[in-house]
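Take a look at the structure set out below.
The values are calculated or read from the model by the stated rules, or taken from the named source; none is laboratory data. Computed from a prediction, not measured in an experiment: that's the story for all the values here. Don't worry about glycine lacking a Cβ; one is built from the backbone with ideal geometry, like all the others, and counts go over all protein chains shown. The protein model used for the area step is the full one, side chains on, heavy atoms only, and it has no ligands, DNA or RNA in it. Shrake-Rupley method; radii C 1.70, N 1.55, O 1.52, S 1.80 Å.
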Amino acid sequence: MNFTATHLRGVLRKPARLALTGIAIAVAAFFATAAMLTHDIAKAAAYSTITSIPPGVDEVAEATGDDPATQLDKIRHTPGVVEAAGRLVAPLTVDGRRLQLTADPGTGPLSRIRVESGTYPTEPGKIAASTTAGLAIGSTVPVGGKSLTVTAIVDAPSADGPAVYITDTNLLAVTPARLTRIDIKGSATLPLVRSADEARQAEIDKAGSRVEQLLAVLTAFVVVAVIAALLVATSTFRIVFAQRIRQTALLRAVGAPRRKLVRAFVAEGAVVGFVAGLLGTAAAIGVGFLVAFLLGVSGPGPVLAFTPLVVLVSVLVTMLAALAPARSATRVSPLEALRVTDTERDSSTASWLRVGIGVVLLAASGFVVNTAFGDGITDTSRPGGSTLHFLLLTIASGTVTFCALLALGPVLLRPMLRGIGAVLAPLGPTGRLAVQGVGGAPRRAAAVSAVVALGTGLLTGVLVGGETVRTFNDAQVAAGLPADVKVTASQEGQPIPADVLAQLHGLSFRVSRQDIVVNGAKWNLNVSDVDIPKLPLFNEIRAAAGSLDDLGPGRAAISAAEAHMLNAQVGDTITAGDRQIRIAAIVVGENIAGTLMVFDHDDLSHLGVPEQPTNVLLTTDHPQSYGPGVQVEVLSQDRDRQRDLVASLEILGLSVLALTLLIAIVGVGTTAALSVVERRRESGMLRAIGLTRLALGGMTVSEAALHGVIGVLFGLIIGVPHAWLAVLSLGLGAPLAVPVPTLLAAAAGLVALTMLAGLLPARRAARESPVSAMRI
């Protein structure tokens with residue numbers, strides 16, 4: 001007898017059950033595929049921001065120092081070169097505002113910009129302006145003694161800042177410019193020419209650790225997505241198979257060996273995995289194309305090329321997810337076929353084996369954390385190593401902890417339900433029946449709550465991690481870039497000319513290089529006497545240790561990054577000349593208004609520093625050119641770029657957050673619907689003894705809500721500490737920030753959504769007739 005075919009025919013005869021199972025698997029496949037697409041799309045978007053080399057470039061030629069026009073002409077006439085664009089830049093001042101004059105072809109694969117309105121200039125006498133340049137179509141721009149008319153407004157990379165654009169040939173015709181490189185479409189066999197990928201990697205390497213952190217976070221999201229998909233699929237099959245006790249027992253009674261039944265269950269997983277995986281993957285790719293189009297980056301080409309492989313992996317993962325629940329379900333005795341209920345009969349107490357496995361898994365999770373972070377888990381810094389390495393260890397710890405939850409769930413449910421039951425007792429029989437319904441099948445309830453816990457844990461990680469990184473970044477930006485504009489002398493350390501200083505109305509201070517001794521080690525650092533409480537963004541500056549209120553003569557502030565480098569703490573003494581200065585505050589960030597350490601004005605004067613200011617911070621939307629002898633640095637642009645990067649990461653996290661919510665809601669809704677399908681006799685019996693339709697529907701909704709409450713509690717317990725480990729893994733040195741109101745609101749919202757997920761199944765349960773209780 002072909003038990004696999006018989007089993008599959010039985011499954012196909014109940015399409016509702018198959019569809020409900022498939023929905024959960026499809027969402028898991030969508031989640032995993034969407035995470036991979038998010039990785040590729042976010043990586044492309046980050047690369048387009050960090051690197052200035054367009055995706056259509058094949059090779060890059062370095063500037064040789066020769067005449068730019070000559071070098072460009074030589075490359076354009078080289079065999080194999082289809083197109084070439086010179087990257088030329090020149091400073092420009094328009095109405096007292098500094099702009100960057102940039103060469104760009106305007107169209108084609110070598111262009112870095114996109115025309116939003118108007119027509120891109122290809123003729124002399126015309127120019128295009130970026131959306132941040134503050135110019136309108138028809139306005140004029142003086143360049144090299146000529147007046148150029150703006151004919152287009154373009155969307156340009158944020159790294160360019162306020163800029164205007166013309167073709168390289170027209171730019172060289174009106175003003176001298178610096179050639180940074182030449183982008184090539186095609187192939188040129190010339191010296192100083194390298195592939196575009198090598199050039200991009202060189203630019204990314206210059207960007208430093210921020211890119212590593214971004215790519216590590218993206219990779220970590222993909223790993224989490226795959227693990228989450230596997231866990232969701234496993235939990236779904238555990239629920240489904242456990243609710244077929246009677247059917248499985250009947251097959252055992254007619255002679256089906258356990259081995260063949262396991263094979264049949266795994267075959268069911270393969271069928272569901274193929275159909276649901278194909279649908280979920282197709283939906284994710286469609287959404288990926290839409291998101292890529294909205295962001296203006298390349299679509300999910302790599303994933304699309306591997307769609308068959310993605311579906312095959314989906315089938316294999318689903319079969320693997322079905323294996324353990326199948327082995328557990330087929331241990332049922334043939335005598336179970338004589339029972340009149342289809343629901344599983346859970347033990348009143350969990351086995352010692354289950355408890356032992358859970359304890360071992362928790363110990364393994366603790367071992368992983370201790371191995372990775374050691375004593376640094378209570379600090380804001382981590383040991384040396386790559387960000388991805390620590391993130392993967394954090395994911396491993398979270399996965400093992402979640403598996404421990406699956407093992408210990410039935411044990412932990414009982415005391416939790418007793419407490420919840422005491423709270424719901426005054427609400428009448430509906431609440432008590434819901435508690436008894438959940439507690440009557442603890443393994444099933446634990447599996448359902450685990451799906452919610454997974455979503456809640458990831459949600460908590462995104463919220464806590466996002467709040468921590470955002471708060472840290474805001475404090476770091478406020479300390480390092482505390483104003484809109486900084487004016488300094490052209491020569492480092494020299495005072496600003498008196499005539500220029502008279503035009504400036506801002507916060508002036510001095511910067512001087514000093515020899516200091518900290519903890520017996522000698523250092524030579526830039527020290528300023530900026531009045532920190534008077535900084536424009538003072539309210540956003542945070543002290544990692546000590547207090548900014550304690551600043552004054554004989555006391556100093558030091559950036560957190562430099563304190564870590566010097567191994568300095570609050571209360572340590574800094575020796576500068578004959579002056580003994582105590583560290584009163586350690587400020588979050590890499591620097592304070594551009595310097596690593598801040599002394600009091602009197603202390604710096606005592607060290608012989610001239611009284612004339614070397615720096616002035618201004619708050620203005622319209623920076624000007626103040627003549628020779630000074631440099632003007634627009635800090636607001638750098639501040640916006642840093643905040644944009646964090647905002648991009650928050651959007652990425654929110655997209656994952658939306659997917660986790662979807663998984664949790666679908667998991668609870670699917671489980672509630674399956675519960676209604678499998679418990680028709682129970683529902684009919686309750687109706688037969690007098691329970692109203694409204695009460696029966698309320699019981700189903702209450703059970704869904706209980707799954708949400710239990711899952712949320714488990715998720716918070718797992719999510720908060722692992723969010724802290726993820727922040728530690730980034731190596732930012734950021735203190736933990738827990739958004740308690742946001743977490744409470746999210747938890748309440750998730751419970752409400754799980755209740756909504758139970759509404760449709762509740763309506764179906766309420767329609768059950770008492771006659772259904774008499775069916776065998």
For this session: Go through the stretch 731-751 and give me each residue that's open to solvent by less than 50 Å² (accessible area, probe 1.4 Å) and out of contact with any Asp or Glu (no Cβ under 8 Å at 6 or more places or on another chain).
Result: Gly731, Leu732, Gly733, Ala734, Leu743, Ala746, Ala747, Gly749, Leu750, Val751
Exercise. So is Val154 over 30 Å from Leu190 (Cβ atoms) and buried (at least 21 other Cβ atoms within 10 Å of the Cβ) or not?
Worked result: yes
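Select, from Pro628, Pro613, the only residue that is modelled with pLDDT of 90 or more, open to solvent by 10 Å² or more (accessible area, probe 1.4 Å) and in contact with a Pro (Cβ under 9 Å, 6 or more places away or on another chain).
Values: Pro628 fails: modelled with pLDDT of 90 or more.
Result: Pro613 is the single residue among Pro628, Pro613 that is modelled with pLDDT of 90 or more, open to solvent by 10 Å² or more (accessible area, probe 1.4 Å) and in contact with a Pro (Cβ under 9 Å, 6 or more places away or on another chain).
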Seminar exercise, completed: Residues of the stretch 466-488 being open to solvent by 10 Å² or more (accessible area, probe 1.4 Å), farther than 28 Å from Pro739 by Cα and out of contact with any helix residue (DSSP H, G or I) (no Cβ under 7 Å at 6 or more places or on another chain), in sequence order, are Thr488
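To keep it simple, each residue is scored yes or no on (1) within 26 Å of Tyr626 (Cα to Cα); (2) among the aromatic types (Phe, Trp, Tyr).
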position: Ile75; (1), (2): no, no
position: Val89; (1), (2): yes, no
position: Gln100; (1), (2): yes, no
position: Asp160; (1), (2): yes, no
position: Tyr165; (1), (2): yes, yes
position: Arg178; (1), (2): yes, no
Exercise. Quick check: anything in the stretch 187-200 within 30 Å of Gln71 (Cβ to Cβ), modelled with pLDDT of 85 or more, in a helix (DSSP H, G or I) and over 30 Å from the mean Cα position of the chain (by Cα)?
Worked result: no
Exercise. Would the stretch 203-219 turn up any residue that is assigned to a loop (DSSP other than H, G, I, E, B), under 19 Å from Ser52 (Cβ atoms), at pLDDT below 85 and over 29 Å from the mean Cα position of the chain (by Cα)?
Worked result: no
Problem set entry | Residue within the stretch 413-435 that is at pLDDT 80 or above, charged (D, E, K, R) and either under 32 Å from the mean Cα position of the chain (by Cα) or surrounded by fewer than 21 Cβ atoms within 10 Å (Cβ to Cβ) (or both) present | yes
For this session: Scan the stretch 168-187 for residues that are out of contact with any Pro (no Cβ under 6 Å at 6 or more places or on another chain) and surrounded by 22 or more Cβ atoms within 10 Å (Cβ to Cβ) and jot them down.
Result: Asp168, Leu171, Ile182, Asp183, Ile184
Problem set entry | Conditions (1) within 23 Å of Thr468 (Cα to Cα); (2) open to solvent by less than 40 Å² (accessible area, probe 1.4 Å); (3) among the basic types (Lys, Arg): number failed by Arg510 | (1)
For this session: Considering each residue of the stretch 513-530, count those that are open to solvent by less than 50 Å² (accessible area, probe 1.4 Å) and out of contact with any Phe, Trp or Tyr (no Cβ under 6 Å at 6 or more places or on another chain), and give that number.
Result: 6
For this session: Among the residues of the stretch 525-546, count how many are part of a loop (DSSP other than H, G, I, E, B) and under 32 Å from the mean Cα position of the chain (by Cα).
Result: 5
For this session: Kindly list the number of the only condition in (1) in contact with a Gly (Cβ under 8 Å, 6 or more places away or on another chain); (2) modelled with pLDDT of 90 or more; (3) closer than 18 Å to Ser52 by Cα that fails for Gln100.
Result: (2)
Problem set entry | Residue in the stretch 490-507 that is of a type in the set (S, T, N, Q), farther than 30 Å from Leu725 by Cα and in a strand (DSSP E or B) present | no
Exercise. Got a number for residues in the stretch 533-556 being closer than 25 Å to Tyr626 by Cα and either surrounded by 15 or more Cβ atoms within 10 Å (Cβ to Cβ) or touching a residue at least 60 places away in the same chain (Cβ under 8 Å) (or both)?
Worked result: 3
Exercise. Can you pull out the residues in the stretch 713-730 that are β-branched (Val, Ile, Thr), open to solvent by 10 Å² or more (accessible area, probe 1.4 Å) and in contact (Cβ under 8 Å) with a residue 12 or more places away in the chain?
Worked result: Ile718, Val720
Exercise. When the residues of the stretch 440-465 are filtered to those that are within 16 Å of the chain's Cα centre (by Cα) and within 30 Å of Met699 (Cα to Cα), which remaining residue is surrounded by the fewest Cβ atoms within 10 Å (Cβ to Cβ)?
Worked result: Leu459
Exercise. Any chance the stretch 599-608 includes a residue that's within 36 Å of the chain's Cα centre (by Cα) and modelled with pLDDT of 90 or more?
Worked result: no
Exercise. Do you know which of the residues in the stretch 570-590 that are within 25 Å of Gly731 (Cβ to Cβ) and at pLDDT below 90 is most open to solvent (accessible area, probe 1.4 Å)?
Worked result: Glu590
